[in-house]
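Asks: I'd like to ask some things about the structure below.
The values are calculated or read from the model by the stated rules, or taken from the named source; none is laboratory data. Predicted, not measured: the structure shown is a model, and the values here were computed from it. Ideal geometry is used to build each Cβ from the backbone, glycine not excepted, and the neighbour counts take in all protein chains shown. Surface accessibility is based on the protein's heavy atoms, side chains included, excluding ligands, DNA and RNA. Shrake-Rupley method; radii C 1.70, N 1.55, O 1.52, S 1.80 Å.
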Protein chains: 2
Amino acid sequence: MTWHGEDTPRKDADLLLLDQQICFSLNAASRAFGGVYRTALKDLGLTYPQYLVMLVLWEDGTLPVKQLGERLRLDSGTLSPLLKRLEAAGLVTRERSPEDERSVIVATTPAGRELREGALAVPRRILAAAGLPLDDLRALRELLTRVTANLDAAGA
Amino acid sequence: MTWHGEDTPRKDADLLLLDQQICFSLNAASRAFGGVYRTALKDLGLTYPQYLVMLVLWEDGTLPVKQLGERLRLDSGTLSPLLKRLEAAGLVTRERSPEDERSVIVATTPAGRELREGALAVPRRILAAAGLPLDDLRALRELLTRVTANLDAAGA
DNA sequence: CACAATTCAATTGCGCACAACTGAATCGGT
DNA sequence: ACCGATTCAGTTGTGCGCAATTGAATTGTG
């Protein structure tokens with residue numbers, strides 16, 4: 001062990017602190033958004049991750065689980081049960097692709113598409129609750145996108 | 001500037017898109033950090049949330065579950081089992097306060113304090129993986145802190 | 001002092017996240 | 001045509017996150 005008692009190098013301690021602040025604030029912000037979404041989506045009967053899935057489906061209408069996972073950065077272990085619940089709620093259908101029996105195609109039902117009308121009111125509430133000007137929000141999105149790309153590249 | 005227009009389907013669609021990007025990128029960034037931490041903390045035998053708990057304990061040494069929860073924005077439902085696992089790993093102790101028997105005091109063990117040495121190497125790896133200049137990271141932290149405070153205030 | 005309200009940690013139940021694995025379908029090389 | 005490797009979705013197991021509840025300890029009020 002290369003421990004020098006009280007003599008911790010200051011640089012390491014400083015980085016430990018900054019790291020603590022970054023990772024904690026990111027974690028906290030993500031959960032804070034989740035909390036606001038939870039209440040905003042309660043009427044729609046959706047959870048926050050389910051809402052993210054529906055957003056993709058509202059945009060694209062129909063696509064296999066695989067591509068859904070790539071869009072949302074989620075694997076089948078997360079999506080399979082989540083999609084089952086959306087199916088049970090009558091919002092999506094799941095059927096195996098005729099061309100490739102391994103693949104499962106997810107599509108919105110009429111009820112799932114109708115839900116979009118109710119969802120249109122949600123973003124304004126969220127963005128209002130965030131309380132940042134649009135420019136700051138865009139800057140935030142930019143930083144987050146870059147850092148995620150870097151982290152994924154470093155992890156791979 | 002208030003754009004509460006009479007005819008706003010287009011604006012709603014735009015906000016839906018921005019909202020989608022913000023909440024998704026935040027969620028994705030949080031999980032991307034988690035992934036990098038997962039591998040970085042593997043040797044220490046800690047999960048990411050457990051690491052956050054240890055960071056607070058390394059800083060303060062000893063404090064009740066309640067205050068730990070306030071610092072980390074977590075409730076007893078999350079902390080109780082987490083602390084039990086840290087206790088089982090021999091990193092912390094939990095004992096009821098003599099002055100107030102409702103309160104449980106969490107403290108690091110010698111083994112828990114020793115772990116800090118190994119943790120000092122982690123932040124550099126994470127910050128390097130993030131791949132952003134320190135100024136950007138500080139700006140990111142600033143935006144996240146502000147947005148979390150706003151969201152919590154709006155939710156309360 | 002009595003007793004209702006409050007403050008704690010812990011527990012239960014549900015859903016998400018992810019690693020590891022299973023099994024079926026498909027693809028590729030020979 | 002065969003067979004090993006790959007690509008899918010799904011399952012299992014562990015841990016986090018949070019709402020709701022429980023039960024014990026403490027505080028406040030009459």
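Asks: What residues have an amide H closer than 5 Å to that of B:Val92, excluding those fewer than 5 places away on the same chain, when H is modeled at 1.01 Å from N in the peptide plane?
Replies: Those lying under 5 Å, H to H, from B:Val92 are B:Glu87, B:Thr109.
Asks: Same structure, new question: With an 8 Å cut-off on Cα pairs and a minimum separation of 6 or more residues, tell me the relative contact order of segment B:58-128 in percent. All intermediate terms of the calculation are to be shown ahead of the outcome.
Replies: Working: 66 pairs, mean separation 22.4, N = 71.
After rounding, I find 32 percent.
Asks: Taking the dipole about the Cα centre of chain A, with the C-beta of Lys and Arg at +1 and of Asp and Glu at -1, give me whichever of A:Val65, A:Val53, A:Ala88 is farthest to the positive side.
Replies: A:Ala88
Asks: Under a Cβ-only charge scheme (Lys and Arg +1, Asp and Glu -1), can you give me the dipole magnitude of segment B:22-155 about the Cα centre, in debye to the nearest 20?
Replies: Details: 18 positive and 16 negative charges, 86 e Å.
Rounded to the nearest 20 debye, it is 420 debye.
Asks: Quick one: grab the alpha carbon gyration tensor of segment B:60-99, order the square roots of its eigenvalues as a ≥ b ≥ c, and give me rounded if a/c is under 1.5, else prolate or oblate depending on whether a/b is larger than b/c. Each step should come with its number before you reach the end.
Replies: Details: a/c = 1.57, a/b = 1.08, b/c = 1.45.
Taking the square roots of the gyration eigenvalues as a ≥ b ≥ c, segment B:60-99 is oblate.
Asks: Charges at C-beta only: +1 for Lys and Arg, -1 for Asp and Glu. How large is the resulting dipole of the protein assembly as shown about its Cα centre, in Debye rounded to 20?
Replies: Details: 40 positive and 42 negative charges, 86 e Å.
It comes to approximately 420 debye.
Asks: Please identify every one of the trypsin sites (Lys or Arg not before Pro) in segment B:82-141 that sits in a loop by DSSP and has no more than 16 other beta carbons within 10 Å of its own beta carbon.
Replies: Values: sites: B:Lys84, B:Arg85, B:Arg94, B:Arg96, B:Arg102, B:Arg113, B:Arg116, B:Arg124, B:Arg125, B:Arg138, B:Arg141; in loops: B:Arg102.
Those that pass, being in a loop and sparsely packed, are B:Arg102.
Asks: Straight distance only, please: which aspartates and glutamates reach the Cα of A:Lys84 with their own Cα at less than 13 Å, same-chain residues fewer than 8 apart left out?
Replies: Candidates past the 8-residue exclusion: A:Glu95.
Asks: Quick one: helix A:10-41 against the long Cα principal axis of chain A, what's the angle to the nearest 10°, folded into 0 to 90?
Replies: Helix A:10-41 sits at roughly 20 degrees to that axis.
Asks: Let me ask something else. Explain nothing, just the number: relative contact order of chain B, from Cα pairs under 8 Å at least 6 residues apart, as a whole percent. Can you show the working numbers first?
Replies: On the way: 97 pairs, mean separation 29.6, N = 156.
After rounding, I find 19 percent.
Asks: Compute the long axis of helix B:76-88 from its Cα atoms, compare it with the longest principal axis of the Cα atoms of chain B, and write down the angle in degrees, 0 to 90, nearest 10.
Replies: 40 degrees
Asks: Rounded if a/c is under 1.5, else prolate if a/b is larger than b/c, else oblate: which is segment B:22-115, with a ≥ b ≥ c the root eigenvalues of its Cα gyration tensor?
Replies: Values: a/c = 2.56, a/b = 1.52, b/c = 1.69.
Judged from the Cα gyration tensor, segment B:22-115 comes out oblate (a/c at least 1.5, b/c at or above a/b).
Asks: Subtracting the Cα-Cα distance from 0.36 nm times the residue separation, let me have the gained length for B:Thr62 to B:Arg94 in nm, one decimal. Please list the in-between numbers first.
Replies: Details: separation 32, 0.36 × 32 = 11.52 nm, distance 1.00 nm.
Here the segment from B:Thr62 to B:Arg94 would lengthen by 10.5 nm.
Asks: Given R₀ = 41 Å, FRET efficiency for B:Ala153-A:Ala149 by Cβ-Cβ distance, to 0.05? Don't skip to the end; give the middle numbers.
Replies: Numbers: r = 31 Å, r/R0 = 0.76.
Working from the Cβ atoms, E equals 0.85.
Asks: Just the accessible area per residue of segment B:22-155, please: how many Å² with a 1.4 Å probe?
Replies: Numbers: 6460 Å² over 134 residues.
Here the per-residue accessible area is 48 Å².
Asks: With n ≥ 4 as the cut-off for DSSP H runs, can you work out [θ] at 222 nm for chain A, using -39500 (n - 2.57) per run divided by the number of residues, rounded to the nearest 500?
Replies: Numbers: 7 runs with 107 residues, N = 156.
When only DSSP H runs of four or more count, the value is -22500 deg cm²/dmol.
Asks: Counting other Cβ atoms within 10 Å, keep those with at most 12, restrict to DSSP loop, and tell me which GluC sites (Glu not before Pro) in segment B:34-132 are left. Please report the intermediate quantities before stating the final value.
Replies: On the way: sites: B:Glu59, B:Glu70, B:Glu87, B:Glu95, B:Glu99, B:Glu101, B:Glu114, B:Glu117; in loops: B:Glu99, B:Glu101.
Passing both the DSSP loop test and the Cβ count: B:Glu99, B:Glu101.
Asks: While we're looking at this one, here's another question. Using only the Cα atoms of the protein assembly as shown, build the gyration tensor, take square roots of its eigenvalues as a ≥ b ≥ c, and label the shape rounded, prolate or oblate: rounded if a/c is under 1.5, else prolate if a/b is larger than b/c, else oblate.
Replies: On the way: a/c = 1.83, a/b = 1.72, b/c = 1.07.
Note, shape of the protein assembly as shown comes out prolate.
Asks: Using a Förster distance of 35 Å, how high is the FRET efficiency between A:Thr109 and B:Thr39, based on the Cβ-Cβ distance and rounded to 0.05?
Replies: 0.30
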